[in-house]
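The structure under discussion appears below in the form of structure tokens.
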Amino acid sequence: MQNMDRIINILSRLNPRWVATFEKYLRRIPSVNQEIQKETAALTSDLETSLKPYREDFSSYACLPEIGRSRDEILAEMQALKNREEARWREGFVSGAVYHGDDSHIEFLNKAYAIHSQANPLHSDVWPSISKYEAEIVAMAAHMLGSEAVDGGESVCGTVTSGGTESILLAMKVYRDWGRERKGITHPEMVLPVTAHAAFDKAAQYFHIKPVRIPVNAAFKADVAAARRVITRNTVVVIGSAPSFPHGAVDPIAELSELARQRGIGFHTDACLGGFILPWAEKLGYPVPLFDFRVPGVTSISADTHKYGYAAKGTSVVLYRSHELRHFQYYTAADWPGGLYFSPTFAGSRPGALSAACWAAMVSLGEQGYKEAARKILETAAFIRQEIQAIPDLYVLGEPLFVIAFASHTLDIYQVMEHMTQRGWSLNGLHKPSCVHLCVTLRHAQPGVAERFVADLKAAVEETRQHPDEKTGMAPVYGMASSLPLRSVVSDILKKYIEVLYDV
Ligand SMILES: Cc1ncc(COP(=O)(O)O)c(C=O)c1O
């Protein structure tokens with residue numbers, strides 16, 4: 001550890017850009033690489049035990065059982081696995097993840113799923129019911145997000161996707177192809193705040209779009225002047241979040257999108273997280289800046305039905321201001337021997353049942369249901385935010401409505417998070433700057449949950465204060481991951497993590 005510490009120490013004093021440029025050469029130095037291997041092996045050795053907790057108590061299969069097992073036995077085993085995991089999210093110990101989770105709601109979604117479990121919208125002739133559901137999901141989401149302001153709602157359109165990431169990937173592919181076809185841009189660039197979701201970087205990697213990142217201000221909102229400076233003739237799209245995943249801050253969408261509009265390029269609002277709660281927050285009188293199609297420069301929006309839309313996991317909506325843009329999303333094959341083929345999104349065959357359950361969630365909640373849910377969540381979040389602010393060693397980042405990020409000037413915030421983990425909590429550890437967030441859902445609006453969070457947080461802070469040098473559990477890993485100048489090492493650790501997930 002000492003050698004590694006020394007290396008980190010030296011590297012952290014160097015210009016980070018320089019380190020990034022020469023990273024691959026540094027890693028070719030045998031002694032540096034050896035030390036890195038040793039350290040990462042130590043850091044990842046515990047992964048197996050934490051990610052594979054069922055190895056001892058449950059049968060596992062590296063190949064098909066020769067003879068199939070009894071259905072009852074299988075279902076009993078699945079129920080046992082579920083039972084071990086359920087209490088944590090059900091009782092509100094988890095940040096985000098399950099946004100509704102009431103028994104009767106889950107039962108209703110499961111029934112809707114079961115009715116359409118065989119449906120595949122790729123065969124739209126066999127299951128026109130799914131096209132109906134999806135068209136209506138898109139229309140309802142568009143209406144909620146200000147489509148009436150555009151040609152009376154005529155031209156806003158979109159598709160149902162499998163989640164926020166797919167919605168974002170599709171929108172970015174649209175702008176890349178639109179830029180090439182309409183503007184002859186062959187080296188496309190996207191301008192995005194550093195706080196924009198990782199899915200945009202994924203899109204940049206997948207579709208060869210250059211990501212040009214702009215900083216955020218003290219309120220964790222995108223710096224508009226910086227955006228103005230970096231837009232070039234190759235920019236196809238500018239991005240803003242409503243709100244951002246890390247700090248729950250709504251970017252200045254009106255100003256950012258105006259820059260895009262003036263240059264005749266796209267602007268995407270990532271409302272994956274906020275799309276189904278901010279409209280109701282606005283109606284309830286909370287300070288919500290405009291972020292949807294009422295803003296003239298906004299040309300597309302992603303909004304996740306599987307978050308605050310309270311659908312089952314696996315659906316989201318991507319919306320476009322015009323049919324012209326949506327066309328760039330479609331895939332068609334006119335000459336394939338397999339016949340005439342088309343698909344609106346990345347997948348071929350898709351689970352129609354998820355769209356059916358999503359539609360069922362939306363029409364069962366209705367405006368009133370969403371507004372009431374938003375009221376409960378926002379009131380709970382306001383209480384939690386106020387209580388965190390009252391803890392002397394902590395401060396809240398920005399002025400969030402329902403994703404509350406907090407940090408400390410005096411304590412190791414990752415150690416505070418570790419003490420929360422020991423109390424059963426599953427919070428999100430973030431970096432740049434080091435902080436932790438709680439994404440408030442209906443799970444936290446249950447009686448007593450917010451109070452329990454605050455009491456546990458106070459105790460976790462006190463414990464960290466009592467032992468300021470203690471680094472336990474994941475605290476040193478987060479600490480290293482946020483400060484290590486060799487970012488490829490952090491990437492390697494993440495890849496190792498994924499590998500462990502797929503070990504039997
Ligand atoms: C702002 C934002 N955008 C995009 C995403 C990606 O969504 P998903 O995990 O459904 O792919 C998230 C997920 O939390 C998010 O918060």
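The values are calculated or read from the model by the stated rules, or taken from the named source; none is laboratory data. The model shown is predicted, which means the values in this text are computed figures rather than measured ones. Because the Cβ atoms are built from the backbone with ideal geometry, glycine has one as well, and the counts that use them run over all protein chains shown. Ligands, DNA and RNA are stripped out before the accessible areas are found, and what is left, the full protein with its side chains, is counted by its heavy atoms. Shrake-Rupley method; radii C 1.70, N 1.55, O 1.52, S 1.80 Å.
Annotations
- For the range 481-504, a tally of residues being surrounded by fewer than 16 Cβ atoms within 10 Å (Cβ to Cβ) and in contact with a Lys or Arg (Cβ under 8 Å, 6 or more places away or on another chain) returns 3.
- Flag if Val212 is without any contact (Cβ under 8 Å) to a residue 24 or more places away in the chain and in contact with an Asp or Glu (Cβ under 9 Å, 6 or more places away or on another chain): yes
- Only one of Val174, Val216, Val191 that is open to solvent by 30 Å² or more (accessible area, probe 1.4 Å) and either closer than 17 Å to Asp292 by Cβ or in contact with a strand residue (DSSP E or B) (Cβ under 9 Å, 6 or more places away or on another chain) (or both): Val216
- Consider the range 312-367 and keep the residues that are among the aliphatic types (A, V, I, L, M) and assigned to a loop (DSSP other than H, G, I, E, B). The one that is most open to solvent (accessible area, probe 1.4 Å) is Leu340.
- Test result for Ala303, touching a Phe, Trp or Tyr at 6+ places or on another chain (Cβ under 9 Å) and under 25 Å from Asp251 (Cβ atoms): yes
- Residue match in the range 264-281 (condition: open to solvent by 20 Å² or more (accessible area, probe 1.4 Å), over 20 Å from Ile137 (Cβ atoms), assigned to a loop (DSSP other than H, G, I, E, B) and more than 10 Å from the ligand (Cβ to nearest atom)): yes
Rundown of residues vs (1) of a type outside the set (Gly, Ala, Ser); (2) touching a helix residue (DSSP H, G or I) at 6+ places or on another chain (Cβ under 7 Å); (3) without any contact (Cβ under 8 Å) to a residue 60 or more places away in the chain, yes/no style:
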| position | (1), (2), (3) |
| --- | --- |
| Ala149 | no, no, no |
| Trp178 | yes, yes, no |
| Thr186 | yes, yes, yes |
| Met190 | yes, yes, yes |
| Ala204 | no, no, yes |
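- Candidate set from the range 289-308 (those that are assigned to a loop (DSSP other than H, G, I, E, B) and within 15 Å of the ligand (Cβ to nearest atom)); member that is surrounded by the most Cβ atoms within 10 Å (Cβ to Cβ): Thr305
- Selection status of Tyr478, open to solvent by 60 Å² or more (accessible area, probe 1.4 Å), in contact with a helix residue (DSSP H, G or I) (Cβ under 6 Å, 6 or more places away or on another chain) and under 23 Å from Ala42 (Cα atoms): yes
- Under the condition of being among the charged types (D, E, K, R), open to solvent by 20 Å² or more (accessible area, probe 1.4 Å) and within 16 Å of the ligand (Cβ to nearest atom), the residues counted in the range 226-255 number 0.
- Only listed residue being within 16 Å of the ligand (Cβ to nearest atom) and of a type in the set (Ser, Thr, Tyr), chosen from Thr315, Thr332: Thr315
- Options Thr441, Thr464: the member that is crowded, with 23+ Cβ neighbours inside 10 Å and either assigned to a loop (DSSP other than H, G, I, E, B) or within 16 Å of the ligand (Cβ to nearest atom) (or both): Thr441
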